[in-house]
1. Considering only residues that are under 20 Å from GLY74 (Cβ atoms) and polar (S, T, N, Q), which ones fall in the stretch 5-34?
2. Taking the conditions exactly as written (of a type in the set (D, E, K, R), under 28 Å from the mean Cα position of the chain (by Cα) and modelled with pLDDT of 85 or more), does LYS259 satisfy them or not?
3. Quick check on my filter: what residues within the stretch 137-171 are within 18 Å of GLN123 (Cα to Cα) and either part of a helix (DSSP H, G or I) or touching a Phe, Trp or Tyr at 6+ places or on another chain (Cβ under 6 Å) (or both)?
4. Take the conditions among the β-branched types (Val, Ile, Thr) and at pLDDT below 55 and apply them to THR184. Does it pass?
5. If we scan the stretch 37-44, do we find a residue that is touching a residue at least 60 places away in the same chain (Cβ under 8 Å), surrounded by 24 or more Cβ atoms within 10 Å (Cβ to Cβ) and touching an Asp or Glu at 6+ places or on another chain (Cβ under 7 Å)?
6. Only one of these conditions is not met by VAL23: (1) of a type outside the set (S, T, N, Q); (2) touching a Ser or Thr at 6+ places or on another chain (Cβ under 7 Å); (3) in contact (Cβ under 8 Å) with a residue 40 or more places away in the chain. Which number is it?
7. Out of the residues in the stretch 125-163 that are over 20 Å from GLY48 (Cβ atoms) and aromatic (Phe, Trp, Tyr), state the one that is surrounded by the fewest Cβ atoms within 10 Å (Cβ to Cβ).
Amino acid sequence: MNTFNLLGDIVQDDSGRWFESDVVPAMVIGWLAKQEGDVEININSLGGSVTGGLAIANAFKGYSKGKVTANVLGIAASMASVVACAADEIRMGKGAFMMVHNPWTIALGDANDLRKEAETLDQIKASIIAFYQSKFDCGPEKLSEIMDAETWIADTDAETYGLKCTALAAEDDAFGKLAAKCDTRMLFAKAPEAAAAFYAHKDKTPAPAADQKNGAQAPAAEDWEARYKGASRKITELQDALAKAGETSAAALADAETKHKAAIKDLNDQLSAARGDLEKAKADLSSAVTRAEKAEKDLADKGEQLDRLNKAHALLTGGVLTPGDGNSAETEYQSELSAAKSAEQREEIRRKHYAKTSKKTK
């Protein structure tokens with residue numbers, strides 16, 4: 001039987017490979033191109049890259065030269081479970097697990113960026129459900145709920161969840177040794193105690209090389225303690241980067257808030273100054289109106305005085321009045337004007353005075 005061993009993380013390309021056991025799509029595609037007849041996939045993987053996993057799953061699903069059988073030796077978690085469901089048949093080893101959960105990512109940006117990232121994750125989830133549907137006796141809605149809950153399906157629970165699989169009967173302990181090379185501590189929040197205990201081994205026995213027909217050796221067993229520390233270091237680096245980005249965002253927000261407050265204060269100061277200028281302008285205008293009204297009254301009084309003087313001059317010139325009469329009549333006339341209480345009364349006094357002086361002139 002032609003067998004491919006998926007015993008490490010799934011990564012997008014060679015630039016992401018940290019260990020010899022890491023698998024990239026190019027390895028699978030190149031291996032399948034050289035196969036004839038039925039093939040098997042030995043799986044003991046915690047998953048990895050979504051796009052890398054989808055590429056590998058599609059490669060196995062598109063294999064047309066024979067049957068594809070997925071042997072879940074220890075665990076097929078996350079994207080490794082998608083690869084398993086791309087096979088024509090799934091066989092579960094004793095004590096093995098399949099874990100399904102929602103795709104996740106780390107995102108930075110504004111609200112629009114985060115909403116777009118969430119929409120992308122929803123699209124990826126729909127693609128994953130499409131693979132699961134062929135191996136589960138339940139609809140997309142139920143599969144979505146199972147993924148939401150990060151569900152661990154033991155070989156004995158397959159029927160409960162509707163997972164269509166058969167039991168894997170190992171002829172020797174090779175499968176057990178392969179299955180022991182896994183550690184769930186660093187990635188998943190809901191790993192059951194049974195799974196954590198089962199995969200806590202640190203068996204250093206090298207896995208047997210698989211006959212892969214292309215001259216390449218199967219991935220060698222690696223030091224899982226070093227792998228755990230490497231993954232922990234990477235997670236720490238990501239957390240530090242996220243914290244630094246948060247600090248930068250907080251500093252930028254504080255700076256923007258300070259500038260905003262300063263701009264608001266400046267605008268309020270300008271508004272207060274403009275209001276002061278407006279009140280002063282209104283006061284100046286009121287004062288100017290008062291002065292104009294007084295000037296207008298003074299001008300009217302002077303006009304009346306001039307009119308009286310012109311009339312007195314005419315009377316004196318015509319001999320109607322003597323200087324003394326003129327003064328007496330004028331004094332009486334001015335007295336009456338001063339005693340008048342309204343403009344109408346003053347106008348009546350002027351009319352009578354004019355008529356009197358006109359008769360004397362005639």
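1. Matches in the stretch 5-34: ASN5, SER21.
2. For LYS259, the condition - of a type in the set (D, E, K, R), under 28 Å from the mean Cα position of the chain (by Cα) and modelled with pLDDT of 85 or more - is met.
3. Scanning the stretch 137-171 gives PRO140, GLU141, LYS142, LEU143, SER144, GLU145, ILE146, MET147, ASP148.
4. So THR184 fits the description; yes.
5. No, the stretch 37-44 has no match at all.
6. Here VAL23 clears every test but (2).
7. TYR161
Every residue, every condition in (1) at pLDDT below 90; (2) closer than 21 Å to ILE75 by Cα; (3) not acidic (Asp, Glu), yes or no:
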site: ALA118; (1), (2), (3): yes, no, yes
site: ILE128; (1), (2), (3): no, yes, yes
site: PHE136; (1), (2), (3): no, yes, yes
site: GLY139; (1), (2), (3): no, no, yes
site: ALA149; (1), (2), (3): yes, yes, yes
site: TYR161; (1), (2), (3): no, yes, yes
site: ASP172; (1), (2), (3): yes, yes, no
site: ALA180; (1), (2), (3): yes, yes, yes
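The values are calculated or read from the model by the stated rules, or taken from the named source; none is laboratory data. Quick caveat: nothing in here was measured; it's all calculated off a predicted structure. Cβ coordinates were reconstructed from backbone atoms using ideal geometry, including for glycine residues, and neighbour counts include every protein chain displayed.
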